[in-house]
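Remarks on the structure that follows.
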Amino acid sequence: MQILITGHCGYIGRVATRQALQAGHQVVGLDAEYFGGEPFTHAKLRQMRGDIRDVQADDLRGVDAIIHLAALSNDPMGALNPGLTEAINRDASLRLARLAKSVGIGRFVFASSCSIYGVDAADGGLLDESARFQPVSAYARSKVETEAGLGALADDAFSPVYMRNATAFGVGPSPRFDLVVNNLAGGAWCDGRILVMSDGTPWRPLVHIEDIAQAALCAAVAPRQAVHNQAFNIGRDDANYQVHAIAALVAQAFPEASLSITGAAGPDPRSYRVSFTKALTGLPGFAPRWTLAAGIAEVASFLRSGGLKGLRFDDPHFIRLKALNAAMVMGELDPDLRWTRAPLAT
Ligand SMILES: NC(=O)c1ccc[n+]([C@@H]2O[C@H](COP(=O)([O-])OP(=O)(O)OC[C@H]3O[C@@H](n4cnc5c(N)ncnc54)[C@H](O)[C@@H]3O)[C@@H](O)[C@H]2O)c1
């Protein structure tokens, strides 16, 4: 099977690409390469440097399925310029989907997010795929609106699938340290301090990047009737954690670090506990492997063994918003996040 993976140079994309190649698929990668990273080559990998806003039908030649990961990938980036999040995350995604449908690509796996639920269920129970959307950021709204737009395209020949991923953790070839688990571990290692800026009470469902990648691949190859126009929460029921509990687990992995829960950032409205039963029972082949404790151990080992390569965890290299801002300040990216010169070599 030939799979187009957009955002294949990102945190999840590199892992998804590796897994797809290991499974024997041909992969076409498309990425604007905002964040550089180690080059990777493979006989069955064709890579395009480009913007999802510019994809042409020709780029999709021979593709059987799309795993669409490219996006401005978190809340702070949405806050930078909500219009850009709409243009890239929603409008370009829907344009790509329409183009895919027009050339006969039948499967479109979309990286959505559990953040679309926004706030906890009134009864404190787990939110399943039928729960009400209460997005509290431009990023989460872009995912809600894209799911709706993709749903309108679904028909006998075109099957969108919505992967509502929990918040990712873990080590990959292009690691991020702007996500809660990795961020707390990064602070523990670099500063000897685990600093929680909220009051620690918000709930976050968590999932390892390898399990997200596995789920996306399962959705790309599943029989149509199992996934057609379906949403799946991606994670595991035993990985809904309050932030203070995440911090306590990180503290166990870094006994030399101090833990403070400051509450300085004020209340965090984002808090949601999610049910993952549907994917575990209904997404053929999906079996998440990583517990949070195992993931923290992996991140700790990465940090202790020099994985940051002399940089701090909060260097722009590892923080998506900082990387984009730095490239804009340097004039390398224009305000529309278009390169003003050839992208950095990977
Ligand atoms: N990481 C998480 O915790 C998480 C959770 C839920 C959902 N998701 C979703 O999963 C997807 C991947 O997340 P990630 O953590 O790998 O993010 P990432 O920022 O590491 O990777 C995104 C990739 O997309 C590329 N990209 C961005 N805009 C582009 C454009 N206009 N054209 C072409 N390429 C572009 C970037 O260069 C980058 O390589 C995103 O859609 C994100 O919203 C991530």
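What follows draws every value from the coordinates through simple rules; no lab data is involved. Given the structure is predicted, the values throughout are model-derived calculations rather than measurements. Don't worry about glycine lacking a Cβ; one is built from the backbone with ideal geometry, like all the others, and counts go over all protein chains shown.
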Residue-averaged [θ]222 nm for the chain, counting only DSSP H segments that reach four residues, each worth -39500 (n - 2.57): -10000 deg cm²/dmol
Sorted peptide list for 91-97, 178-184, 214-220, 275-281, criterion being average Cβ within 10 angstrom, highest first: 214-220, 178-184, 91-97, 275-281
Point-charge dipole on Cβ atoms (K/R +1, D/E -1) for the chain, about Cα centre, debye to 20: 500 debye
Karplus 3J(HN,Hα) series, Hz, for region 40-54 with 6.51 cos²θ - 1.76 cosθ + 1.60 (x for Gly, Pro): 9, 10, 6, 4, 9, 10, 10, 10, 10, 8, x, 9, 5, 6, 10
For ILE194, residues with placed amide H under 5 Å, excluding near neighbours: SER258, LEU259, SER260
Order of MET77, MET197 under a 10 Å beta carbon neighbour criterion, fewest first: MET197, MET77
Nonlocal amide H pairs with TRP203, under 5 Å, H built at 1.01 Å: TYR272
Check: region 163-223 dipole with +1 on Lys, Arg Cβ and -1 on Asp, Glu Cβ, in debye: 80 debye
Derived scalar couplings ³J(HN,Hα) [region 175-192; Karplus, 6.51 cos²θ - 1.76 cosθ + 1.60; whole Hz; x for Gly, Pro]: x, 10, 10, 9, 10, 3, 5, 4, 5, 5, 5, x, x, 4, 6, 7, 10, x
0 to 90° range, to nearest 10: angle between helix 138-153 axis and the chain longest Cα axis: 30 degrees
Cα centroid separation, region 181-247 to region 12-48 (Å): 22 Å
Net +/- balance of residues flanking THR146 in space, Cβ distance below 15 Å, scoring K and R +1, D and E -1: +4
HN-Hα J in Hz across region 257-274 - Karplus 6.51, -1.76, 1.60, θ = phi - 60°, x for Gly and Pro: 8, 8, 10, 10, 10, 8, x, 4, 7, x, x, 9, x, 7, 7, 7, 10, 10
Share, in percent, of DSSP beta bridges within the chain that are antiparallel, nearest 5: 10 percent
Candidates VAL55, VAL329, VAL221, ranked by Gaussian network fluctuation over the chain, Cα under 10 Å, top entry: VAL329
By average C-beta atoms within 10 angstrom, highest first, the peptides 159-165, 333-339: 159-165, 333-339
P(r) histogram, all alpha-carbon pairs of region 34-96 included - 5 Å bins from 0, percent: 3, 13, 22, 23, 18, 12, 6, 1
For HIS244, HIS208, order by how many other beta-carbon atoms lie within 10 Å, fewest first: HIS244, HIS208
Overall Cα dimensions of region 204-313, principal axis frame, Å, largest first: 51, 35, 21
Other-chain or far-sequence residues with amide H under 5 Å of PHE169's (modelled H): VAL207, HIS208, ILE209
More than 20 angstrom apart: percent of Cα pairs within region 131-221: 53 percent
Taking the convex hull of Cα positions in the chain, its mean projected area over all directions (nm²): 16.3 nm²
